[in-house]
Amino acid sequence: MFSQHIISSEKSSTASYENSKKTSVSESAKIEQLRNKKVVSLSIVLIIILCFLFYFVYQNNKLKQKIKRKDTKQKILLNVINEGIDSQETEQKKIASFLHDNINSLLSSAGLHLKVFTAKSNIQSEEIQKAKAILEQAHDLLRDMSHELVPTLLVRFGLIYALEDLCERNSNSSITFKFSNSVSTDTRYSEKFETKLYFIVSELINNIIKHSEAKKAQISIHENHNQLIIIIHDNGKGFDAEKLNEIEGFGLNRIRVRIKKLKGTFSIISRANENTGTSIKIKVPIS
C-alpha cells in the first residue's frame, strides 16, 4: 500500500514536470515567434525608410541636375546676349568711324569744290545754292548720326564729359536732366569700359524720356573703394520693379546683363503709378 502511494506520487511529479516543461517550451516558442515578428516588422520599417531615403536622394539629384541644366542655359543665354552687345558696339564704332572719316570728308570736300567753283566763275544760281544747302544738311545729319553711334566727345575726352553733354542735349522744356559729379573731369577709364557705361546710361535716359513722364531727373557719379557708382533718379510715375519680365520694353533685363558682364550690380527702387519716382543705382568695379 505504501509502495503504491510512492509510485502514484512519482507519477504525479513526473506528469507535473512534463506539463511544466511543455508550458515552458510553449512560452519559449511564443517569445521566439514574437521576436521573429519584431525582427520582420523592424526589417520592413528599415526597408521602407531606405526606400524613402533612396527616393529623396534620387529626387535631390534630379533637382540638382535640373538646376545645373537651367544654370547652363542661363550662362549660354548670357553669353549670346553679351556677344550680341559686343558685336553691336563694335559695328557701331566701325560705322561711326566710316561716316566721320569717309562720308563726311567727301561731303566737306564736295562743298568746298562747289564753293571755289562758284567764287571763281562768279555764278549766282538758285540750283547751286540749293545744292550747297543739301550738302550742308547731309553733312549735319551724318555728323549727328556718327555722334549717336559713338560720341566724339566720349572718344576724345572720356565718360564724364560725354555724360554731362548727354544730360545737356536731352534737357528741354518738358524735362531737365541735372548732372553732378565728384570724379575729376580729367579721369579716363578703359575705352571699352567707358563705351559700355555710356550706352547703359544713354538707354536709361531714353527710358525716362519715353516712359516716366518725369519733369526732372538727375545723374550723379562718384568713386568709392575702386568702384564707380552711378545713381539715376527721376520724379516720374514709376513702375513695378519686381516685374521686370513684364516690362521688357524698358530693356532693363538687357541692361542688367550688360552690367553683370562688367561684374557690377544693378538695383531699382520704384513703385507703379506713384509720384515717388524711380531710383536706379549702378555699381561697377573700375576697369
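The values are calculated or read from the model by the stated rules, or taken from the named source; none is laboratory data. Because the structure is a prediction, the values reported are computed rather than measured. No Cβ is skipped: glycine too gets one built from the backbone with ideal geometry, and neighbour counts run over all protein chains shown. Note: areas computed on protein heavy atoms with side chains; ligands, DNA, RNA excluded. Shrake-Rupley method; radii C 1.70, N 1.55, O 1.52, S 1.80 Å.
Taken over the range 165-194, the criterion of being of a type in the set (A, V, I, L, M, F, W, C) and either within 12 Å of Ser287 (Cα to Cα) or under 20 Å from the mean Cα position of the chain (by Cα) (or both) is satisfied by Phe193 alone.
Take Ile205 and tell me if it is assigned to a helix (DSSP H, G or I) and open to solvent by less than 60 Å² (accessible area, probe 1.4 Å). Reasoning before the result, please.
Numbers: assigned to a helix (DSSP H, G or I): yes; open to solvent by less than 60 Å² (accessible area, probe 1.4 Å): yes.
Criteria met by Ile205.
For beta carbons closer than 6 Å, sequence separation of 6+ or different chains, a first residue in the range 95-119 that is within 16 Å of Ala133 (Cα to Cα) and in a helix (DSSP H, G or I) and a second that is at pLDDT 75 or above and among the small types (Gly, Ala, Ser), the qualifying pairs are Leu107/Ala138. All conditions in (1) under 23 Å from the mean Cα position of the chain (by Cα); (2) surrounded by 12 or more Cβ atoms within 10 Å (Cβ to Cβ); (3) over 21 Å from Ile280 (Cβ atoms) hold for Leu197, with the sole exception of (3). Looking across Lys192, Lys263, one residue alone is open to solvent by 60 Å² or more (accessible area, probe 1.4 Å), assigned to a loop (DSSP other than H, G, I, E, B) and either within 30 Å of Phe157 (Cα to Cα) or modelled with pLDDT of 90 or more (or both). It is Lys263. Among the residues of the range 125-144, those identified as modelled with pLDDT under 75 and of a type in the set (A, V, I, L, M, F, W, C) are Leu141, Leu142.
Selection of first residues in the range 158-173 that are more than 15 Å from Ile230 (Cβ to Cβ) and in a helix (DSSP H, G or I) and of second residues that are of a type outside the set (Phe, Trp, Tyr) and open to solvent by 70 Å² or more (accessible area, probe 1.4 Å), restricted to Cβ pairs under 8 Å at least 6 apart or on distinct chains, gives the following pairs, ordered by first then second residue: Asn170/Ile209. Within the range 241-254, identify whether any single residue is in a loop (DSSP other than H, G, I, E, B) and loosely packed, with under 14 Cβ neighbours inside 10 Å, and answer yes or no. For the range 241-254, residues in a loop (DSSP other than H, G, I, E, B) and loosely packed, with under 14 Cβ neighbours inside 10 Å: present.
Before we move on, is Lys75 at pLDDT below 75, out of contact with any Pro (no Cβ under 6 Å at 6 or more places or on another chain), within 30 Å of Asn253 (Cα to Cα) and of a type in the set (D, E, K, R)? Yes, satisfied. Answer yes or no: is there a residue in the range 57-68 that is modelled with pLDDT of 75 or more, in a helix (DSSP H, G or I), open to solvent by 70 Å² or more (accessible area, probe 1.4 Å) and closer than 30 Å to Ile200 by Cβ. Looking through the range 57-68, at least one residue is modelled with pLDDT of 75 or more, in a helix (DSSP H, G or I), open to solvent by 70 Å² or more (accessible area, probe 1.4 Å) and closer than 30 Å to Ile200 by Cβ.
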